[in-house]
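The values are calculated or read from the model by the stated rules, or taken from the named source; none is laboratory data. Here the structure is a predicted model, which is why all the values come from computation and not from measurement. Don't worry about glycine lacking a Cβ; one is built from the backbone with ideal geometry, like all the others, and counts go over all protein chains shown. Remember, those area values only see protein heavy atoms, side chains included, never the ligands or the DNA or RNA. Shrake-Rupley method; radii C 1.70, N 1.55, O 1.52, S 1.80 Å.
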Amino acid sequence: MPFTHYALDKFFAQEISALSECNAPDLAEHFAEVEPLIDNFILNSIFTSPIKTEYKPYIFGIIRRVQMALVEYQNGRTLLLSYLNESKKNTSLYFQALSYFEIAVTLLYQAYEFWRKLGKKIESKETNLFEKGDGSSLEKLNRLYNISKHLEPSTIPEGNLHHVWISNNGICASGVTMSFTELADLVKEYVALANAFSNPNQDSIP
């Protein structure tokens, strides 16, 4: 039998009853772009653009995580659409979509950390790409990553069932909402970064 909006929000997930649309942009066109990144990086580092061995683990870390962040983001979008297209009858699809989006957030933030640490290794100084309180997409990514990483039920605000949830506005946690457009833009930004590392003769690294 169908549940009331109150029951959905009370027993399944906060704000799930209001979820009515998927605003996550489709990034499927970027799969062809990321598929050859690893092979291109290896070949270019051997034959055309030698890279110090000490830098390679960081670049591999960036490329691998960016590739999979795109996959997980797109999986989340697909399952969220399936949940909505089935008239929200199968809540398992909602939670699967949420998990994929959380994984995408984690992979993107890890890619950022590899980039930051690579910059520190090259320039011998600490480099942060966002400032606390600046409201940037990277700060929101950091907040979502830390909330997902440190899963402690006692820290969930009273009345909530989950640390992270999906709304029409995007991926939410206590005190932060990252819109799907912001998340998609970060995926595309990091795809471009990974491509610059993979094909240094074609692109300059940001």
Taking region 3-35, which residues are part of a loop (DSSP other than H, G, I, E, B) and in contact (Cβ under 8 Å) with a residue 60 or more places away in the chain? PHE12, ALA13, GLN14, GLU15, LEU19, SER20, GLU21, CYS22, ASN23, ALA24, PRO25, LEU27
Of everything in region 165-184, what is open to solvent by 60 Å² or more (accessible area, probe 1.4 Å) and not β-branched (Val, Ile, Thr)? Give them in sequence order. ASN169, GLY175
Taking the conditions exactly as written (free of Cβ contacts under 8 Å to residues at least 60 places away in the same chain, part of a helix (DSSP H, G or I) and either open to solvent by 20 Å² or more (accessible area, probe 1.4 Å) or not β-branched (Val, Ile, Thr) (or both)), does PHE101 satisfy them or not? no
Filter region 150-164 for residues that are farther than 17 Å from TYR73 by Cβ and surrounded by 12 or more Cβ atoms within 10 Å (Cβ to Cβ); the one that is modelled with the lowest pLDDT is ILE156
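Listed here are the residues, each with its yes/no results for (1) touching a Lys or Arg at 6+ places or on another chain (Cβ under 9 Å); (2) at pLDDT 95 or above; (3) within 24 Å of LEU107 (Cβ to Cβ).
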{"position": "CYS22", "(1), (2), (3)": "yes, yes, yes"}
{"position": "ILE46", "(1), (2), (3)": "no, no, no"}
{"position": "TYR73", "(1), (2), (3)": "no, yes, yes"}
{"position": "LEU80", "(1), (2), (3)": "no, yes, yes"}
{"position": "SER92", "(1), (2), (3)": "no, yes, yes"}
If I filter region 122-147 down to residues being open to solvent by 60 Å² or more (accessible area, probe 1.4 Å) and among the basic types (Lys, Arg), which single residue comes out as modelled with the highest pLDDT? ARG143
Looking at region 28-43, which of its residues are open to solvent by 70 Å² or more (accessible area, probe 1.4 Å) and of a type in the set (Gly, Ala, Ser)? ALA32
Leading residue by the ranking (farthest from GLU21 (Cα to Cα)) among those in region 165-206 that are modelled with pLDDT of 95 or more and charged (D, E, K, R): GLU189
So which pairs qualify, if the first residue must be in region 164-181 and without any contact (Cβ under 8 Å) to a residue 40 or more places away in the chain, the second must be in a helix (DSSP H, G or I) and open to solvent by 10 Å² or more (accessible area, probe 1.4 Å), the Cβ gap must be under 6 Å, and the two must be at least 6 apart or on different chains? ALA173/ILE147; VAL176/LYS140; VAL176/ARG143
Checking LYS88, LYS117, LYS132 in turn, the sole residue that is in contact (Cβ under 8 Å) with a residue 12 or more places away in the chain, over 22 Å from GLU35 (Cα atoms) and not in a helix (DSSP H, G or I) turns out to be LYS88
